[in-house]
1. Here are Ser140, Ser162: which of them is within 12 Å of Ala56 (Cα to Cα), open to solvent by less than 40 Å² (accessible area, probe 1.4 Å) and small (Gly, Ala, Ser)?
2. Give me the residue from the range 122-137 that is of a type in the set (Phe, Trp, Tyr) and open to solvent by less than 80 Å² (accessible area, probe 1.4 Å) and, out of that set, modelled with the lowest pLDDT.
3. Filter the range 143-159 down to the residues that are open to solvent by 20 Å² or more (accessible area, probe 1.4 Å) and not acidic (Asp, Glu) and list them by number.
4. Which one is least open to solvent (accessible area, probe 1.4 Å), of the residues in the range 53-73 that are more than 10 Å from Trp135 (Cβ to Cβ) and more than 21 Å from the chain's Cα centre (by Cα)?
5. Could you list, ordered by first residue, the pairs with Cβ atoms under 6 Å in which the first is in the range 89-110 and at negative phi and surrounded by 16 or more Cβ atoms within 10 Å (Cβ to Cβ) and the second is among the hydroxyl-bearing types (Ser, Thr, Tyr) and in a helix (DSSP H, G or I), at least 6 apart or interchain?
6. Within the range 145-172, can you find the residues that are within 11 Å of Leu18 (Cβ to Cβ) and charged (D, E, K, R)?
7. Show me the helices (runs of 4 or more DSSP H) found entirely inside the range 1-82 where at least 3 residues are touching a Ser or Thr at 6+ places or on another chain (Cβ under 9 Å).
8. May I ask you to verify whether Ser162 is polar (S, T, N, Q) and out of contact with any Ser or Thr (no Cβ under 7 Å at 6 or more places or on another chain)?
Amino acid sequence: MTNLRQQYLDAAGTATGLLAADEVAAAWTADSALEGFTVAGLAGHLAAQIWGAAAALEGDYTGKDTITLMEHFGRAKWIKTDLDNEANTKVRDGGRRLAEPGPEALLEGTRERLARFETALPALTGQEQAGTDYWAYAMSLDEYLITRIMELVVHTDDLAHSVGIATPSFDSEPFDTAIRMLARLSVKRHGQAALVRALARAERAPADITGL
């Protein structure tokens, strides 16, 4: 299997391709499929998975504990919470600010950061610390990139659906990584049987197996 750094680059390239779509720029000020997001804000949030990852390589994690992937999601304050809580408001505000200069500037900045990543990532082991300046902890780079791959896959679909175009297809390995993460989160929320039934037994599938 391709290492996670290459998987991330592949997923980020697919998402960046969607940001370049004419339909995204044309619908820039319209409401998106996600409540509280305009198309611009959602495009900014999708781009943030690349802008933020680039910044993660330059972060200072002195004094922060390094936690595991599932510990990270256990602490996440945005999962299944009110849309107006602090964590979700911060997410929407961040996407909106990133998109304020317009679609061309967002695309140019995203491509620039992705190019920087394409140069930096191959030289890394994946065990370096990564995270954000507002997390009280750090993660290994590879586990951090799993969270970004999942976000890229999910929000690429959100954005494509919002502007009425087909969702781009991801390479199989980053897509598998995202689906495994979503499946793990689903099992954590709903249990193994719920996921098995949803995937294999339509006659007794639960109404909700969402992991997020």
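1. None of the others qualify; the one that does is Ser140.
2. Within the range 122-137, the subset of a type in the set (Phe, Trp, Tyr) is 134-135, 137.
The next check asks that each one be open to solvent by less than 80 Å² (accessible area, probe 1.4 Å); those that pass are 135, 137.
Details: Trp135: 87, Tyr137: 93.
My answer is Trp135.
3. Ile146, Arg148, Val154, His155
4. Gly63
5. Sorted first by the residue in the range 89-110, then by its partner, the pairs are Thr110/Thr16.
6. Within the range 145-172, Asp157, Asp158 qualify.
7. 4-19, 39-56, 69-75
8. Spelling it out, it is not the case that Ser162 is polar (S, T, N, Q) and out of contact with any Ser or Thr (no Cβ under 7 Å at 6 or more places or on another chain).
The values are calculated or read from the model by the stated rules, or taken from the named source; none is laboratory data. Just so it is clear, the structure is predicted and the values come from calculations on it, not from any experiment. All Cβ positions, even for glycine, are placed from backbone atoms using ideal geometry, and neighbour counts span all protein chains on display. Note: accessible area is taken over every heavy atom of the protein model, side chains too, but ligands, DNA and RNA are not part of it. Shrake-Rupley method; radii C 1.70, N 1.55, O 1.52, S 1.80 Å.
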